[in-house]
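Structure first, commentary second.
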Amino acid sequence: MIPLCDLKQQYQALKPRIDAAMQDVAAAASYILGPNVTELEREIAAYCNTERAVGVASGTDALGLSLRALNVGPGDEVITTPFTFVATSEAIGILGATPVFADIDPDTLNIDPQWIDMAITPRTKAILPVHIYGQPCDMDPIMRLAEKYKLHVVEDCAQSIGARYRDRATGSFGDAGCFSFFPSKNLGCFGDGGMIVSNNEKLSERVEVLRRHGGRVKYHHDELGLNSRLDELQAAILRVKLPHLPEWESLRRRHAYHYNSIFIEMPEVICPRELSPEGPFVPTDQKKADGGRMVQCVYHQYTIRVPYRDQLCRLLKDAGIGNAVYYPVPLHLQKVHSCRGYRPGCFPCAEEASEHCISLPIFPELTETQVETVATTVRESIAAINRQSRSQGVDLSERPAA
């Protein structure tokens with residue numbers, strides 16, 4: 001069995017330090033907004049090269065509190081991608097604002113700046129790009145649009161901590177960058193947790209108030225807020241893990257490029273594509289990636305596209321290969337957004353990705369042998385599907401749209 005993600009190995013490698021950190025918190029009995037939260041905020045801000053960082057209870061709260069601190073509310077529109085987890089649009093809608101979707105780039109699967117431009121109206125107040133799978137969005141044109149139309153930018157960095165665009169960390173471009181420390185993330189805690197990074201002092205200060213029931217002083221409340229504080233115990237765990245993050249993400253890239261070097265020879269498979277100055281490309285080795293990279297993807301997921309995704313999922317599961325589909329139904333076709341009037345065909349690239357994407361095992365502790373086993377199983381499964389389709393007179397040779 002090769003799991004999609006193996007959190008047990010990571011814990012075992014760091015067990016003495018993590019256990020000691022948790023015991024220190026228990027001994028100090030400082031459980032809420034204690035010294036570990038303060039220090040982690042400082043360390044994450046330094047890691048992202050931002051002036052401030054504020055720990056909150058989850059990545060979802062990070063998005064909602066950032067938007068609220070920018071006074072996004074009823075009557076406002078926020079443009080985002082339909083190809084992401086519902087938390088992104090949920091954070092918009094819960095404030096009474098309207099999520100407006102823009103289609104994705106078919107190569108990178110991130111929101112397409114040209115579609116953003118077409119979606120802007122007089123009611124647009126912010127753009128919320130999502131760095132999907134750890135792949136940075138094309139931020140230069142997004143920031144130009146924000147400047148042109150005087151819009152806020154809140155980056156959803158739930159999957160992209162450590163990722164870089166033109167040598168700048170994701171989260172450092174907009175008014176705020178929002179991170180999740182959900183256990184399976186590249187930097188994950190033992191429950192829920194989140195962080196907001198920003199160079200906007202006013203925004204950071206308001207978020208600090210909002211996360212504590214809307215008050216600067218205990219029992220004195222200026223506005224309705226939330227109980228959304230990063231837990232001291234989780235912060236202690238994250239501080240143990242953070243120094244290892246660069247090495248872990250280097251290993252993720254190595255595994256991704258190893259997969260690419262195998263799948264590049266398979267016409268049915270579309271590998272993840274990173275941006276270069278000349279456009280998207282598939283790095284097949286470290287040398288090529290270092291030579292032409294405009295972005296540094298951190299591969300929270302390694303996601304390929306195949307024309308018969310559901311059959312492949314079943315065969316991989318039967319073979320003991322972990323896999324997952326992120327995301328099987330794009331947000332504009334979800335019931336929660338049915339009132340918006342979107343229909344199939346509105347965002348064809350997002351819909352195509354939802355039909356054909358499958359994520360394969362990728363985590364730092366994955367071995368080269370396991371990568372080759374996964375790739376071999378994918379190859380053999382595709383061959384089996386092709387044989388079956390030919391015997392049934394079904395043509396499955398068409399690749400998903402590149």
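The values are calculated or read from the model by the stated rules, or taken from the named source; none is laboratory data. Note that the coordinates shown come from a computational prediction; the quantities given were computed from them, not determined experimentally. Note that each Cβ is placed from the backbone with ideal geometry, even for glycine, and that neighbours are counted across all protein chains shown.
Kindly indicate which of 279, 322 is farther than 30 Å from residue 113 by Cβ, within 23 Å of the chain's Cα centre (by Cα), in contact (Cβ under 8 Å) with a residue 40 or more places away in the chain and not assigned by TED's automatic domain parsing to the domain that holds residue 37.
Values: 279 fails: farther than 30 Å from residue 113 by Cβ.
Checking each option against the conditions leaves just 322.
Please work out if residue 44 is crowded, with 22+ Cβ neighbours inside 10 Å, more than 25 Å from residue 149 (Cβ to Cβ) and either in contact with a strand residue (DSSP E or B) (Cβ under 7 Å, 6 or more places away or on another chain) or modelled with pLDDT under 95 (or both). Yes, satisfied. When region 142-161 is examined, which residues are found to be touching a residue at least 60 places away in the same chain (Cβ under 8 Å) and either acidic (Asp, Glu) or assigned by TED's automatic domain parsing to the domain that holds residue 253 (or both)? Residue satisfying the conditions is 156 alone. For residue 145, indicate whether it is part of a helix (DSSP H, G or I) and under 25 Å from residue 333 (Cβ atoms). Judged against the criteria, residue 145 is not a match. Only residues that are within 13 Å of residue 56 (Cβ to Cβ) and not assigned by TED's automatic domain parsing to the domain that holds residue 62 were counted in region 220-261, giving 0. Within region 165-176, the set of residues being closer than 25 Å to residue 5 by Cα, in contact with a Ser or Thr (Cβ under 7 Å, 6 or more places away or on another chain) and not in a loop (DSSP other than H, G, I, E, B) is empty.
The residue that is modelled with the lowest pLDDT, among those in region 352-402 that are of a type in the set (A, V, I, L, M) and touching a Cys at 6+ places or on another chain (Cβ under 9 Å), is 401. For region 340-354, the criterion of being part of a helix (DSSP H, G or I), surrounded by 16 or more Cβ atoms within 10 Å (Cβ to Cβ) and out of contact with any Pro (no Cβ under 7 Å at 6 or more places or on another chain) is met by at least one residue.
Could you pull out the residue among 17, 42 that is assigned to a helix (DSSP H, G or I) and either in contact with a His (Cβ under 7 Å, 6 or more places away or on another chain) or under 20 Å from residue 208 (Cα atoms) (or both)? Going through 17, 42 in turn, just one is assigned to a helix (DSSP H, G or I) and either in contact with a His (Cβ under 7 Å, 6 or more places away or on another chain) or under 20 Å from residue 208 (Cα atoms) (or both): 42.
Taking region 179-291 and the helices (runs of 4 or more DSSP H) fully enclosed by it, the elements with 2 or more residues that are modelled with pLDDT of 95 or more, in contact with a Cys (Cβ under 6 Å, 6 or more places away or on another chain) and of a type outside the set (D, E, K, R) are at 232-241, 245-263.
State all residues of region 356-376 that are β-branched (Val, Ile, Thr) and buried (at least 20 other Cβ atoms within 10 Å of the Cβ); if no residue qualifies, say none. Residues satisfying the conditions are 358, 362, 371, 374. The single residue among 88, 38, 60, 80 that is of a type in the set (Ser, Thr, Tyr), buried (at least 19 other Cβ atoms within 10 Å of the Cβ) and out of contact with any strand residue (DSSP E or B) (no Cβ under 7 Å at 6 or more places or on another chain) turns out to be 60.
Scanning for something surrounded by fewer than 22 Cβ atoms within 10 Å (Cβ to Cβ) and of a type in the set (Gly, Ala, Ser), does region 203-216 turn up at least one residue? Yes: one or more hits.
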